[in-house]
1. Starting from residues that are at negative phi and free of Cβ contacts under 8 Å to residues at least 24 places away in the same chain, keep the ones in the range 73-105 and report whichever is most open to solvent (accessible area, probe 1.4 Å).
2. List every residue pair whose Cβ atoms lie under 8 Å apart, where the two residues are 6 or more positions apart in sequence or sit on different chains, the first residue falls within the range 21-42 and is touching a residue at least 40 places away in the same chain (Cβ under 8 Å), and the second residue, located anywhere, is among the hydroxyl-bearing types (Ser, Thr, Tyr) and outside any helix (DSSP H, G or I).
3. If a residue has to be more than 15 Å from CYS114 (Cα to Cα), of a type in the set (S, T, N, Q) and outside any helix (DSSP H, G or I) to count, how many in the range 25-67 make the cut?
4. Scan the range 57-67 for residues that are over 18 Å from GLU22 (Cβ atoms) and open to solvent by less than 50 Å² (accessible area, probe 1.4 Å) and jot them down.
5. Among the residues of the range 73-89, write down those that are farther than 11 Å from THR44 by Cα and in a loop (DSSP other than H, G, I, E, B).
6. Consider LEU51 carefully, then state whether it is touching a Phe, Trp or Tyr at 6+ places or on another chain (Cβ under 7 Å), among the aliphatic types (A, V, I, L, M), at pLDDT 95 or above and open to solvent by less than 40 Å² (accessible area, probe 1.4 Å).
7. Kindly evaluate ALA70 against the criterion of being part of a helix (DSSP H, G or I), surrounded by fewer than 20 Cβ atoms within 10 Å (Cβ to Cβ), touching a residue at least 60 places away in the same chain (Cβ under 8 Å) and aliphatic (A, V, I, L, M).
Amino acid sequence: MIDIDASTLEEALALNNRFATELSWQTPESFRALIDMAFFARWTAGREGFLIAFSEGAAYDSQNYRWFAARHERFIYIDRVVVRPEARGAGHARALYAALFAAMGSSGHRLVSCEVNLEPPNNTTHAFNK
């Protein structure tokens, strides 16, 4: 499911780049390319945040994605999840994960993967996973 489109791409890019330390800085062109190759790129209701994930076979040049691709034939890789700070704690990330898992089930995927920054530490993600 892809609902980050031309009408909301600039807003998503700005939110991504607000957290570039955790997510990596993107240009309009590189961010559009991420969306174009994504298995899942979806906003929360009210556009409080988004999640972008790739499936196997994506032309994604991330070292972390390639690590999973070398070890698994079929998988979903969560690349970035971001929720506006003022909207955190309201279940937006959980709703995004639930929508991703529903899309995975519909597509026959059974394995989901991701990585979490330890250096620099991503305390927001660590808190979400507790």
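1. Per the criteria, the residue is GLU73.
2. As it stands, the answer is LEU34/TYR60; PHE39/SER55, since those pairs meet every condition given.
3. 3
4. ALA58
5. If the condition is that a residue be farther than 11 Å from THR44 by Cα and in a loop (DSSP other than H, G, I, E, B), then GLU73, ARG74, PHE75, ARG88, GLY89 are the ones that fit.
6. When the stated conditions are applied, LEU51 passes them.
7. Spelling it out, it is not the case that ALA70 is part of a helix (DSSP H, G or I), surrounded by fewer than 20 Cβ atoms within 10 Å (Cβ to Cβ), touching a residue at least 60 places away in the same chain (Cβ under 8 Å) and aliphatic (A, V, I, L, M).
Condition check ((1) among the hydrophobic types (A, V, I, L, M, F, W, C); (2) under 15 Å from ASP3 (Cβ atoms)) across all residues:
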{"position": "SER24", "(1), (2)": "no, no"}
{"position": "PRO28", "(1), (2)": "no, no"}
{"position": "GLY49", "(1), (2)": "no, yes"}
{"position": "ILE76", "(1), (2)": "yes, no"}
{"position": "ARG84", "(1), (2)": "no, no"}
{"position": "ARG94", "(1), (2)": "no, no"}
{"position": "ALA99", "(1), (2)": "yes, yes"}
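The values are calculated or read from the model by the stated rules, or taken from the named source; none is laboratory data. Worth saying up front: this structure is predicted, and the values here are computed from it rather than measured. A quick note on method: Cβ atoms are made from the backbone with ideal geometry, for glycine too, and the neighbour counts reach across all protein chains shown. Areas reflect the complete protein model, heavy atoms only, side chains present, ligands, DNA and RNA absent. Shrake-Rupley method; radii C 1.70, N 1.55, O 1.52, S 1.80 Å.
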